[in-house]
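Notes follow the structure.
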Amino acid sequence: MSAAREAALRAMALVRKGKFMSEAVDEAVRALGLDRRDAALCSRIVHETLSNRGYIDSVLGQWSKLPMNRVEHTVRDILMISAAQILFLDRVPPSAAVNEAVELCRRHGCERATGYVNGVLRRVTENRGRPLALPDDCSGAEYLARRYSCAGWIAEEFVRRRGYEGAEALCRANNAEPPLTIQTNTLRTSPEALREALLSSGIEAAPGLLPGSYDLAASGLISSIPGYGEGHFYVQDSAARMAVEAAAPERGMDVLDACSAPGGKSFAAAIRMGGEGRILACDLKEKRLKRVTEGAKRLGLDGMIECRAMDARTPGEELHGRFDVVIADAPCSGLGVIRRKPEIRYKTEAEVASLPGIQLAILEGLAACVKPGGTLLYSTCTLLERENEDVVRAFLAENEGFTAAEERTLWPDIDKTDGFFICRMIKST
């Protein structure tokens, strides 16, 4: 029995119980003690399953005698992860996926479903080169939503912003498994030494988009990567680091990272500042700051980074006028990181409707914390204009002391990063 497939099934059960994909995969990998190779396969299977779940569900529905919503949870999960291998993992022989699916049924008390599972997956295998049967009038955003497994309103937003071809390229990129991007902690090691350690352990490390960054293929638990315990690197997509580069914190500055957890921007700022200066890392809830504190200690930055629970909409008066750089990486709908968090792709429009008001309130609250001549950096990991450009326009209209110096949207299909919005504003008075 493949340990990777057993772990993938366990991770799917955890996702159904509310875990995020990354948390579920890590928990399953730890529980079964997978080696790096099996952990990578588990991660790939789960990612492909969740990224294409609407499409896979429709394919299975074509060959199942039972409606998929009536299939028992464990059997349905087995069908989903197995179909994902058949449809999307070229290196997995379909026969292996089918045989292992039958074995998973036996191991998990679903003996009576083995014939059903075998039959459905064999039909999927026989017809995997055929396009999904869709209504004749299914086109445009509706087609993208069905083919690339996302909510219809999200597909409509992508078409509105990028046109049909651009939206399809974006949806395709959102379904691809992203690399694990790590950033060198140059206060403890050099990029060259880090890469040598990775290569010596058999981990391929392709140079990332920014100096000192490396893109790794899925490699199991992050804590098992050489140099993790020594604080030689931290995990951060290039887009998030680009936001810190735009804010340009320098040695000796006072920096406020107002929505800090899990801490990547605070770490990037501290390293960019050469370990000299002060960073106040805040987040709404104390428990979210635990990862910031732990990460800062591992990286040797705990003497520079102070953590404090704070609502960024109402910072204390003692923080007013104190900071050279204020970073507001605001809570958002997350549509730029669908490739990392597949669960986002089925959010409802109602779930994100209140976010622009919260984002604007955060900017207005933090404006008072910026020194004259200082920088206010607004960023999100979404691609919705209402949460990005519209929020900035509304803020600038009511805060004449600020001017926009730089504004940029990063797209997964174009920039090869997470989807991200960055706006750097300068306070004149």
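Looking at the range 103-221, what helices (runs of 4 or more DSSP H) fall wholly within it and have at least 2 residues that are charged (D, E, K, R) and under 30 Å from GLY231 (Cα atoms)?
Working: elements: 114-126, 140-147, 152-175, 191-200.
Correct list: 191-200.
Where residues in the range 20-51 are in contact with an Asp or Glu (Cβ under 7 Å, 6 or more places away or on another chain) and not hydrophobic (A, V, I, L, M, F, W, C), which of them is nearest to LEU221 (Cα to Cα)? Out of the qualifying residues, it is ARG44.
Whether a residue is touching a His at 6+ places or on another chain (Cβ under 9 Å), part of a helix (DSSP H, G or I) and either open to solvent by 20 Å² or more (accessible area, probe 1.4 Å) or without any contact (Cβ under 8 Å) to a residue 40 or more places away in the chain (or both) was assessed, and VAL25 passes this test. Selection over the range 340-364 of residues that are of a type in the set (S, T, N, Q) and in contact (Cβ under 8 Å) with a residue 12 or more places away in the chain gives a count of 2. For the range 339-357, a tally of residues being closer than 24 Å to ARG172 by Cα and open to solvent by less than 40 Å² (accessible area, probe 1.4 Å) returns 5.
Pairs are defined by a Cβ separation below 7 Å, a sequence spacing of at least 6 or placement on different chains, a first member in the range 180-199 that is under 16 Å from ALA268 (Cβ atoms) and open to solvent by 40 Å² or more (accessible area, probe 1.4 Å), and a second member that is modelled with pLDDT of 95 or more and in a loop (DSSP other than H, G, I, E, B); the pairs so defined are THR186/GLY212; LEU187/GLY275; LEU187/GLY300; ARG188/GLU230; ARG188/GLY231; ARG188/HIS232; ARG188/GLY300.
One residue stands out in the range 89-129 among those that are over 22 Å from ARG70 (Cα atoms) and of a type in the set (Lys, Arg): the one that is surrounded by the most Cβ atoms within 10 Å (Cβ to Cβ), namely ARG128.
For the range 75-88, the criterion of being surrounded by fewer than 14 Cβ atoms within 10 Å (Cβ to Cβ) and not aliphatic (A, V, I, L, M) is satisfied by no residue at all.
Among the listed residues LYS416, LYS371, identify the single one that is under 22 Å from the mean Cα position of the chain (by Cα), open to solvent by 60 Å² or more (accessible area, probe 1.4 Å) and among the charged types (D, E, K, R).
Numbers: LYS371 fails: under 22 Å from the mean Cα position of the chain (by Cα).
Unique residue meeting the criteria: LYS416.
Scanning the range 172-194 for residues that are more than 17 Å from the chain's Cα centre (by Cα) and under 16 Å from GLN236 (Cα atoms) yields THR184, ASN185, THR186, PRO191, LEU194. Restricting the first member to the range 7-21 and to residues that are at pLDDT 95 or above, and the second to residues that are hydroxyl-bearing (Ser, Thr, Tyr) and open to solvent by less than 20 Å² (accessible area, probe 1.4 Å), the beta-carbon pairs closer than 8 Å and six or more apart or on different chains are ALA8/THR49; MET12/THR49.
The values are calculated or read from the model by the stated rules, or taken from the named source; none is laboratory data. What you are looking at is a predicted structure, and each value in this text was computed from that prediction instead of being measured. Every residue, glycine as well, gets a Cβ built from its backbone with ideal geometry; the counts of neighbours run over all protein chains shown. Ligands, DNA and RNA are excluded from the accessible area calculation, which covers all protein heavy atoms including side chains. Shrake-Rupley method; radii C 1.70, N 1.55, O 1.52, S 1.80 Å.
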